[in-house]
Structure formats: C-alpha cells, structure tokens
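Heads up, the thing below is written out as structure tokens.
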Amino acid sequence: GDVGSKFLAKGLEKNISLVALNVGTNNIGDGGAGHFAEAMKVNSTLSTFSLTGGPEVWIGNFGWKKLLEAFRLNLTITKFDFPPLRVSSEVRIEIEKCLKRNKEALRKEFFRTLESNEKLPWNRSRIMFVGQGRAGKTATVDSMLGKPFSPDWNSTIGASVSDGRTTLSRSAWKKIQMHMESTPKDHASMFAARLMNQKAVKKSKEALHRNATKATANGNKLFRNLKTVTRRLSRNRGISNGSTLRDIEEEEEENEADNHAEPNDPSGEVVREFNENYIINAGSNSMQLSLWDFGGQTVFYSMHHIFLTRSGIYVLAFSLLDFIKSRKNALSYLSFWLNSIKMHAPGAPIVLVGTFLDDIEDRKSLIDINDNLKEMANSITKEVIKNSADDLVYFPIDNKSRNGISSLKAIIEKTVSADSTVKLEVPMSWMLLLDDILSKRELVSYLQLSDIRETAERFGITSNQEVEEAIALFNNRGMIVHLDATETLRNLVIIKPQWLINRLSNLIRDDSLHKFDESEFDGVQLGEDLRKLFTTGLASLDLLEYIWDGEQVEFLLDLMERTLLLSQWKFDDESGYLIPSLLKGIYTDKVEGLRFTFDFSRGFLPYGVFQRLLCLLVGRISLEKSKNPEFHSRRPHIYKNYACLEYYQDNLVQVVEEMESKTITVYIESRPLASSCLSVIRAMLHKLNSDVMGTGLVWETKVENESDGQMISYETARESLLEPWFGGADDAAQAQGNIATTRMDLENFFEQLTI
C-alpha cells in the first residue's frame, strides 16, 4: 500500500546500484505514486520501472501528475511497464516521450563511451574443474549454472568450456553463450555499460548530498503546464489542437534514421546496436566466469599444460564414495592434481569438492576423510581454501539434491572478489580489440600475432608490449589460447579454444571410454590405421586427415609437434607420427648398462614428462633422417614406460620410467658416448621443463660410479671428474646440458645438440 511505498521510495532515493524495480504487487495508490515520483527525481541508476504483475493499481489524476512530473525530470529510466487499467493514451504518450528521450540520450552516451579509452576492472575470472574421471565434475558445473541434474553419465572428452554470469553476493549464476558462439560485440558493449553504470552510481552519491531546489523549481513550472493536460485526462478526451502527438511522431521519424546509422568501431568491422539490457545487466558487482571442465582420464593429462593457466580458481573434485572405498587411490589422484596445479599455476586458489554427499551415512566418515585430506594437502600446498562453516578442508556437495551447492558458489564468489587480478583496470581499447579478434572466429581458428598488432593500432594500441599484455590477459581469462614456449608458437593466437580442445581430443582420447566406430574407418580403408594408433601410438597422415575432417591439419600437426604431444616417425621406410600418450604396453624385462638417472622423488613426476622426452628423442632422429637420406637408424622399440633407440651409429640407449620411485633412468651401451648422451638428454629435459612444465619440475641428476655401481650426484661426479661422464673434452659436451632453450624452436634446439 501507500504506507509501504513510502519506505520503499525512501530506500530508492538512497540506493546507488538498483537498475530494475517492479512494485506491481504493492497496491500502489496516489500516495504511493507520489512517494515513488519523489524518489525518481533523485535516483540516477534505475533503468526499468514496472507497475504490472499484481492487483489493479489505483492511481488517480494526482498520482499520474506526480509520476509524469518525475518522468520529465528523470534521465535514466528507459522502460516503464504501465498498469493495465486507469491509464489514458495521453499519459502514455507523454511518459513514452520521456522514455524515448532517455533512451536516445543513453544510446548517445553509450557510443561516446565506446569511443573513449576509460578504464575499469574487466570483472572476468576463470574456474577450472579438474579431478579424477567420474568424480562428478560435469554435474557440478551444471549445478553451478542451475541446470537440471542428469542421471545419464557421459565422460568429458578433453575439456568443455562454458560461460556463466553471476552477481556477487546473490549467488544467482546463469549460463550464457559459450565463447566460440557468443556475439563478438558483447564484451566492449558490456564494458561500456558498466562504465556508464559506474558514472551513474557516482552521480547518485553526489545527489544524496545535494539540495534538490532546482528540481523543485522545475516541478512547480511543470505543474502549471500540466493543468490543461490534467483537465483533459479527467474528461477522458483526446488531445485537441495539440501538437504533442505530432511532435512525438516527427521526433520518432528523425530518431528512426539515427537508429539505422549507429556508430561503428574505429576498425569499421564490428557494427554495434545499443540495447538497454546492457545497462540492466551491468551492475558494478556483476562477474563473468569462464568454466572449464577438464576430462579426468589419464590420457588427457598430457594436453592440460596447453590450457591450464596461472590465474583463476581451481575446483578439484573427488568422489566421497570412492574415497571411502579406496583411500589410497583417492589420495594418489588428489596428490597428483594438487602437485599439477602447484606446478602449472603456483599461487592459484584451490577448492576441494567432495561429491555424492547424500550417499554418505554419517558425519564421522566426512571427518575421517577430512583428516586424511588435510594432512596430505598441507604437505603439498598452502593454497587450499578452507570450509570454515563445516570446519573442513573441503566442501561436501550432492549434485542431485543440490545439497551444499550454495556454499560452494559463495566461497567461489568470495575467492573471486578477493583476487587482485580481477580488479586490475583495463582500457576500453582492449575490449574493442577483443571483440575484433573474436569476430573472426567464423572464418579462422587462429591469427598471426602480427595481424593482431596491426588491428590493435586502429584502436590506439601502438605499443607491442601493450598488445602482448592484452593478449596475455585474454589467454588467462580463457578467451583465447596463446602459447609462448617458442617463437613459432608465440606468433600464433588460437581464438577458438573449444575448437582446439575438440580437435586434440579427437585424437588423444581413452579408447576404452570414447570409442571410434571401427566399421566407419573400415569403410574408408583406415581400420588398420585406427587399430594401430591405439596399440602402438603411431598415426598415419591419412588417418589424421580423416579424424580432423581435413581441417587445418598442417597447423594442428605443427602445434602438437611444438608442444611435444607428437613427433615425426621415419623408420624402416614408414612415415607417420608418434603420439606417446596413446602407448599402452608395459615393459617388464630387466634393463642393464651404464646408467644415469633423473630423480624426481623430492618433488613431483607428472604424467607426460617421459612421453615428451620420447618425442624429443624420436624427433631428433627423425629430423636427422629427413636432412640426411644416407642416415640409417634402427626402428625404436617403444612402450608406455620404456624406449630403446639408436642414439648414434649402432649405439643404443634405453630409457625407463618408474613412477613408483619417481625416476627416469637412461642406460647406455657405449662408454665413449656416455658424456655426450648425458648432456644431450639433460638438455632435452631442461627444454621440456621450460616449454611445457612452466619450469616447475624439480629433479636431481645422478650418474653411476663404475667402480662400485653406486649412484652419485651430478655435481659430485663433475667435481671429481668422474669418468666416463666428465674429464677433458667431455666438459664441452656437458655444457650442452645448460643450453638456454627458452623460446627456442625444435629445429634450432636440435642443431645445438652435438654428439
């Protein structure tokens, strides 16, 4: 009623963030209309005002006079929902004229803001959902976005990227379009709307401390002008001899022409249209989130380094049921992921999430799980976010009943809001550049960095350093993928992350869960090639072209080779590609020979290090064969944990990975090649550490003392000039292990290595 309206209106006068208000269910009368009218004169953030959705609104002439007076003064409301009764066409026309005026002014301000280079925090973060397969990561993402629970389980292939928007403190998450499908002009438009909202909030704060004398004086003048209109309304007559309607129609015709000639971006490529919904959704505490759901199968781990970034939040999910059934295995998986996150994203906050809560019968089980988790997590990282409400180190949830989801949303929002990188201010020009980049997704999947620099100049970004800072931000927020391990990769910017994920996952996949239809491949005479791929890890070019639909095959091969996901294979007149992450066979025979070891026991030996070392070893031999047709090398014997390769002219090396002891050991046949082999493989390990592992690997190199068979440290052996590893010309060979490999392309790297 009118009494309640008075208090609502008083709140509206002081509010500096509300953009939409519906009081249609509040039984508004003349008194209530008058209260809201006074608030409308002061408030400068409200964009939408509604009197619909409830019982009949009893507003008479006095109330409409007050509202009309307020609409003439208010400069922000662009949408007003009239009540169904007791509103004459004359009132509608006058109010709609005010709304149209405001909308046009807002539109012009919108485009002025786009052309400015003002700064504002982007308010975008990235959440990465990781963990063991079948832990419920995808169901958790769906729960966060308010999607219904699906009992049909489908394993995630590679990774899935979604966008969500939330208003912090309300936990009202909603799914919006995915990156690669989103309208390319949204980012700069929303950024401009938030800048406008910020200005409106500032004005509201100023208005609270300013006397409204001018508004009162103008209101008295308007009251005199409204007498004739009020008399006409009371007699329910049309507008006689008046020009108001004609004026409005003429103004509409003039503005209609303007609406079809909206200003463009400086690039002339992205044409924008103003939509007042930008303003409605542009609250200062609104946040856009990129949600990355990573596949949990081991085979996908080799790809994660391409997509894991240092910024954002990691949600590490595990099944409470699996933890109870097999505590050792559960802790092993969680330890792997905590170490992996620590390596690829040091300092990033981690939220541990236990799923299937409703299937746990008592709290004692939750406490037991917590005790084990707490000890293990504290030994690895200090970045795990505590569940203070439940006095746990993790957040138990159930995706079917949504039990615990609100708490999970709240802690993620709290963590995001505390992230200083999210509050980093960026200029409008960066958002215009981003929209221009994303507008090309329908045509290409990647761009040259030089092309982006050229585009950036059109938006006033002339410094290469600033361009690279913008690209780094877009990459960290999940909009693009930009790898800078080598100069070749650095010059490529992948603008369709989901496309890249899908293409890589079409090849690197767990064939026990994500099977190809073999009959389809048999039908195109590629059945044997497919079966060979998943038994030996070898792929023919014909098979890759078919799997990738012939789309940008050369680019994908180059990318995978430079990220050490595959290597060329040229042995016994067979040409193809080795993909070590698909190898399955385990080598169990005893291996002998003079040895040196890379010991990771003090740190972490992640899945993929051995596989990438194989790529470098095989790649070096294949490159030599392609450059020198007279060079002959025996076909390597390769397993998931073992490789036997010809290092140089009938001299074999054997490489063995032992995950339990966290070691990679190299056995050699030729004593004279010991120093060279040690230096070359040391250089390869440093190369993959800098290019792939973010320099996060920690290991100790040990060599065998021939006299007693004991393993001693590299440093001790070098100091004592232990043969055959050191001494004389061998010192020059060992210098190869210290080659500066950062951003060095593989061809140049291999040329630096001498035997």
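The values are calculated or read from the model by the stated rules, or taken from the named source; none is laboratory data. Model, not experiment: these values are computed from the prediction. Please note: Cβ atoms are built from the backbone with ideal geometry, for glycine as well, and neighbour counts cover all protein chains shown. Side chains included, ligands, DNA and RNA excluded: accessible areas come from the protein's heavy atoms. Shrake-Rupley method; radii C 1.70, N 1.55, O 1.52, S 1.80 Å.
Annotations
- In summary, the lysines within cross-link reach of Lys199, defined as a Cα separation below 20 angstrom excluding same-chain residues under 8 places away, comprise Lys14, Lys41, Lys79, Lys103, Lys108, Lys119, Lys423.
- In the full protein context, the stretch 1-129 carries 41 Å² of accessible surface per residue, based on a 1.4 Å probe and ignoring ligands, DNA and RNA.
- Pairwise Cα separations in the stretch 281-361 fall into 10 Å bins from 0 onward with the following percentages, short to long: 15, 42, 29, 12, 2.
- Stretched out straight at 0.36 nm per residue, the stretch from Arg101 to Ser575 would grow longer than its current Cα-Cα span by 163.6 nm.
- ³J(HN,Hα), Karplus 6.51/-1.76/1.60, whole Hz, each residue of the stretch 525-539, x for Gly, Pro: 6, 10, x, 5, 4, 5, 5, 5, 4, 8, 10, 10, x, 9, 10
- Rounded to the nearest whole Hz, the Karplus-based 3J(HN,Hα) values (6.51 cos²θ - 1.76 cosθ + 1.60, θ = phi - 60°) of the stretch 578-587 follow the sequence 9, 10, x, 5, 9, 5, 10, x, 10, 8, with x at glycine and proline.
- Stretchable slack from Arg134 to Thr716, in nm (0.36 nm times residue separation minus alpha-carbon distance): 204.8 nm
- Point-to-point label distance, Glu118-Lys386, nm (Cα→Cβ direction, 7 Å offset): 4.1 nm
- Whole-percent carbon and sulfur share, accessible surface of the stretch 478-547, 1.4 Å: 46 percent
- Ranking Arg112, Arg595 from most to least accessible surface, computed with a 1.4 Å probe over the protein chains only, gives Arg112, Arg595.
- Taking the protein heavy atoms of the stretch 370-437 in the context of the full set of protein chains, the accessible area attributed to carbon and sulfur is 48 percent at 1.4 Å.
- Remark: the stretch 19-91 is approximated by an ellipsoid whose semi-axes, taken from the C-alpha gyration tensor as √(5λ), come to 17, 14, 11 Å, largest first.
- In this simple spin-label approximation, Glu592 and Asp368 carry label points 7 Å from Cα along the Cα→Cβ vector, and these lie 4.8 nm apart.
- Size of the stretch 501-576 as Cα extents on the principal axes (Å, biggest first): 33, 32, 22
- Whole-number D in µm²/s for the stretch 1-143 (Stokes-Einstein; Kirkwood sum over Cα pairs; 10 °C, 1.306 mPa s): 90 µm²/s
- R0 of 60 Å, Cβ-Cβ distance Asp542-Phe62: FRET efficiency to nearest 0.05: 0.15
- The heavy atoms of Thr535 offer some 90 square angstrom of accessible surface to a 1.4 angstrom probe.
- Residues within the reach of a label modelled at Ser50 (point 7 angstrom out along Cα to beta-carbon, backbone nitrogen below 12 Å), restricted to the stretch 79-119, are 80-83.
- Computing Rg and the Kirkwood Rh from the Cα coordinates of the stretch 551-648 gives a ratio, Rg/Rh, of 0.99.
- Annotation: extensible slack from Ala418 through Arg92 equals 112.7 nm (criterion: 0.36 nm per residue apart, minus Cα-Cα distance).
- Restricted to Cα atoms, the stretch 354-488 shows a radius of gyration and a Dmax of 21.8, 63 angstrom.
- Expressed as a fraction of 2.2 N^0.38 Å, the value expected for a compact globular protein of N residues, the C-alpha radius of gyration of the stretch 402-476 is 1.47.
- Within the stretch 571-638, GluC sites (Glu not before Pro) in DSSP loop having at most 11 other beta-carbon neighbours inside 10 Å: Glu592, Glu630
- Amide H to amide H, with H built 1.01 Å from N, Phe129 comes under 5 Å of Trp292, Asp293, Phe294, Val315, counting only residues 5 or more places away or on other chains.
- Over 26 Å apart at the Cα level, from the set Lys10/Lys414; Lys328/Lys584; Lys325/Lys515; Lys627/Lys687; Lys202/Lys386, are Lys10/Lys414; Lys325/Lys515; Lys202/Lys386.
- Put simply, the amide H of Leu594, placed in the peptide plane, has neighbours under 5 Å in Ile668, leaving out anything fewer than 5 places away on its chain.
- Spacing of the two label points (7 Å from each Cα toward its C-beta) at Glu454 and Arg531, in nm: 5.0 nm
- The stretch 488-566-the stretch 51-110 distance, computed between alpha-carbon centres (Å): 60 Å
- Based on protein heavy atoms only, the stretch 435-588 ends up with 41 Å² per residue of surface accessible to a 1.4 Å probe.
- Isotropically averaged projected area of the stretch 310-409, using the convex hull of Cα atoms (one quarter of hull area), nm²: 6.0 nm²
- Each residue of the stretch 45-51 is assigned a 3J(HN,Hα), and the resulting list reads 10, 5, 10, 10, 10, 10, 10 Hz, derived from the Karplus form 6.51 cos²θ - 1.76 cosθ + 1.60 (θ = phi - 60°), x at Gly and Pro.
- The stretch 606-735, accessible surface, carbon-and-sulfur percent (1.4 angstrom probe): 47 percent
- A P(r) calculated from all alpha carbon pairs of the stretch 443-588, with 10 Å bins opening at zero, reads 10, 35, 28, 17, 8, 2, 0 percent.
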